[in-house]
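Engineer: The structure is given below, and queries will be raised subsequently.
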Amino acid sequence: MIIPDTDNPPLQLDFTDPALLYRLRTSGKRQGIGKAVGLDKARFSLQVLDCTAGLGRDALVLAHLGCEVTMLERSQPVHDMLAAAMERAAVHPELQQTLKRMTLFRCSAQDWFASMGQDSRRQPDVIYLDPMFPARQKSAKVKKDMAMLQKLLGPDEDISEVLEMALLHAKYRVVVKRPPGKWALPGPEPAFTVSGKASHFSVYTNKSLSSMPL
Ligand SMILES: C[S@@+](CC[C@H](N)C(=O)[O-])C[C@H]1O[C@@H](n2cnc3c(N)ncnc32)[C@H](O)[C@@H]1O
């Protein structure tokens, strides 16, 4: 599905875009998003719940690095566009295995947490949040796409509520991606921050990943 925009070319998702494939090839477990979710410490594949799937790129990187990623997207058009992109990518030789580790649901994080209740079998190791903030810059191609998404959806005003719920449901960590220059959401202080090439991550810890059973 293509999301129309009157001022810009249509937004179409393509996981086989060379810039994205390059990002996958150069992402590592000990830097940026990999380090933020704890791949430098984890002893086996992490179950990650991405509550803000959006264009699916962060989830793709995490799955490429070996995580099992459950993705939630509450916007129907964004969900449909992402589902179509995932279906197309599933037959690409370089992405086939990665796509097998990604599962997408059209659901709000709040509804997902409500349905989880206290069921510890459904507790993800890490919960990942990348909310839409009002002032994203528009320089690179990826950021242009994100600016169009922002125009379509507006900012995610309820992210503090989602963070609060995420902290109650994550086994080890909650990771929040932050725009450059803005460090933490209101609420509890993150345990530490990780700076990537273009993004910063606030990391909240519930339990040390070093205590993960073998
Ligand atoms: C900034 S985008 C995420 C971009 C994504 N990390 C990527 O790499 O493409 C935020 C997305 O999260 C979705 N979202 C925000 N809050 C949500 C919630 N509470 N539940 C489900 N989806 C949510 C929005 O609809 C939007 O599509």
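Engineer: Which is within 9 Å of the ligand (Cβ to nearest atom), crowded, with 19+ Cβ neighbours inside 10 Å and under 30 Å from residue 209 (Cβ atoms), of 161, 73?
Structural biologist: Values: 161 fails: crowded, with 19+ Cβ neighbours inside 10 Å.
Selected residue: 73, the only one of 161, 73 that is within 9 Å of the ligand (Cβ to nearest atom), crowded, with 19+ Cβ neighbours inside 10 Å and under 30 Å from residue 209 (Cβ atoms).
Engineer: Just give me the residues in the stretch 155-178 being part of a loop (DSSP other than H, G, I, E, B) and either touching a residue at least 24 places away in the same chain (Cβ under 8 Å) or within 18 Å of residue 112 (Cβ to Cβ) (or both), in sequence order. Full working, then the answer.
Structural biologist: Residues of the stretch 155-178 that are part of a loop (DSSP other than H, G, I, E, B), as a first pass: 155-158, 170-172.
Selection gives 155, 156, 158, 170, 171, 172.
Engineer: Just the residues that are near the ligand (Cβ under 6 Å from one of its atoms) and among the β-branched types (Val, Ile, Thr), please, taken from the stretch 41-62.
Structural biologist: Of everything in the stretch 41-62, just one residue is near the ligand (Cβ under 6 Å from one of its atoms) and among the β-branched types (Val, Ile, Thr), namely 52.
Engineer: Quick test for you: out of 34, 56, pick the one residue that is surrounded by 15 or more Cβ atoms within 10 Å (Cβ to Cβ) and within 13 Å of residue 126 (Cβ to Cβ). Don't jump to the end; show me each part of the working.
Structural biologist: Values: 56 fails: within 13 Å of residue 126 (Cβ to Cβ).
Only one candidate qualifies: 34.
Engineer: Just to be sure, is residue 115 among the hydroxyl-bearing types (Ser, Thr, Tyr), loosely packed, with under 13 Cβ neighbours inside 10 Å and at pLDDT 85 or above?
Structural biologist: Details: among the hydroxyl-bearing types (Ser, Thr, Tyr): yes; loosely packed, with under 13 Cβ neighbours inside 10 Å: yes; at pLDDT 85 or above: yes.
Spelling it out, residue 115 is indeed among the hydroxyl-bearing types (Ser, Thr, Tyr), loosely packed, with under 13 Cβ neighbours inside 10 Å and at pLDDT 85 or above.
Engineer: Same structure again: Over 30 Å from residue 21 (Cβ atoms), part of a helix (DSSP H, G or I) and under 17 Å from the mean Cα position of the chain (by Cα) - does that describe any residue in the stretch 179-187? Outline the logic, then answer.
Structural biologist: Quick first cut of the stretch 179-187, residues over 30 Å from residue 21 (Cβ atoms) only: 183-187.
With the extra rule that they be part of a helix (DSSP H, G or I), the set shrinks to none.
No: the stretch 179-187 contains no residue that is over 30 Å from residue 21 (Cβ atoms), part of a helix (DSSP H, G or I) and under 17 Å from the mean Cα position of the chain (by Cα).
Conditions (1) closer than 22 Å to residue 191 by Cβ; (2) not polar (S, T, N, Q), marked per residue:
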{"residue": "31", "(1), (2)": "yes, no"}
{"residue": "43", "(1), (2)": "yes, yes"}
{"residue": "52", "(1), (2)": "yes, no"}
{"residue": "55", "(1), (2)": "no, yes"}
{"residue": "78", "(1), (2)": "no, yes"}
{"residue": "83", "(1), (2)": "no, yes"}
{"residue": "90", "(1), (2)": "no, yes"}
{"residue": "98", "(1), (2)": "no, no"}
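Engineer: Please verify whether residue 53 is under 16 Å from the mean Cα position of the chain (by Cα), of a type in the set (Gly, Ala, Ser), under 23 Å from residue 178 (Cα atoms) and outside any loop (DSSP other than H, G, I, E, B), treating the condition exactly as stated.
Structural biologist: Values: under 16 Å from the mean Cα position of the chain (by Cα): yes; of a type in the set (Gly, Ala, Ser): yes; under 23 Å from residue 178 (Cα atoms): yes; outside any loop (DSSP other than H, G, I, E, B): no.
The answer is no for residue 53.
Engineer: Do you know which residues across the stretch 84-115 are more than 16 Å from residue 64 (Cα to Cα) and within 15 Å of the chain's Cα centre (by Cα)?
Structural biologist: Result: 105, 106, 107, 108, 109.
Yes/no per residue for (1) assigned to a loop (DSSP other than H, G, I, E, B); (2) in contact (Cβ under 8 Å) with a residue 40 or more places away in the chain; (3) under 20 Å from residue 194 (Cα atoms); (4) basic (Lys, Arg):
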position	(1), (2), (3), (4)
13	yes, yes, no, no
20	no, yes, no, no
29	yes, no, yes, yes
62	no, yes, yes, no
80	no, yes, no, no
86	no, yes, no, no
103	no, no, no, no
113	no, yes, no, no
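To keep it simple, each residue is scored yes or no on (1) at pLDDT 95 or above; (2) over 19 Å from residue 203 (Cα atoms).
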{"site": "32", "(1), (2)": "no, no"}
{"site": "36", "(1), (2)": "yes, no"}
{"site": "39", "(1), (2)": "yes, no"}
{"site": "43", "(1), (2)": "no, no"}
{"site": "50", "(1), (2)": "yes, no"}
{"site": "54", "(1), (2)": "yes, yes"}
{"site": "59", "(1), (2)": "yes, no"}
{"site": "67", "(1), (2)": "yes, no"}
{"site": "73", "(1), (2)": "yes, yes"}
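Engineer: Which of the following residues is under 23 Å from residue 46 (Cβ atoms) and within 11 Å of the ligand (Cβ to nearest atom): 109, 191, 147, 170?
Structural biologist: Numbers: 191 fails: within 11 Å of the ligand (Cβ to nearest atom); 147 fails: under 23 Å from residue 46 (Cβ atoms); 170 fails: within 11 Å of the ligand (Cβ to nearest atom).
Step by step, each of 109, 191, 147, 170 is checked, and only 109 is under 23 Å from residue 46 (Cβ atoms) and within 11 Å of the ligand (Cβ to nearest atom).
The values are calculated or read from the model by the stated rules, or taken from the named source; none is laboratory data. Since the structure is predicted, the reported quantities are computational estimates derived from the model, not experimental observations. Using ideal geometry, Cβ is built from the backbone for each residue, glycine included, and neighbour counts are taken over all protein chains shown.
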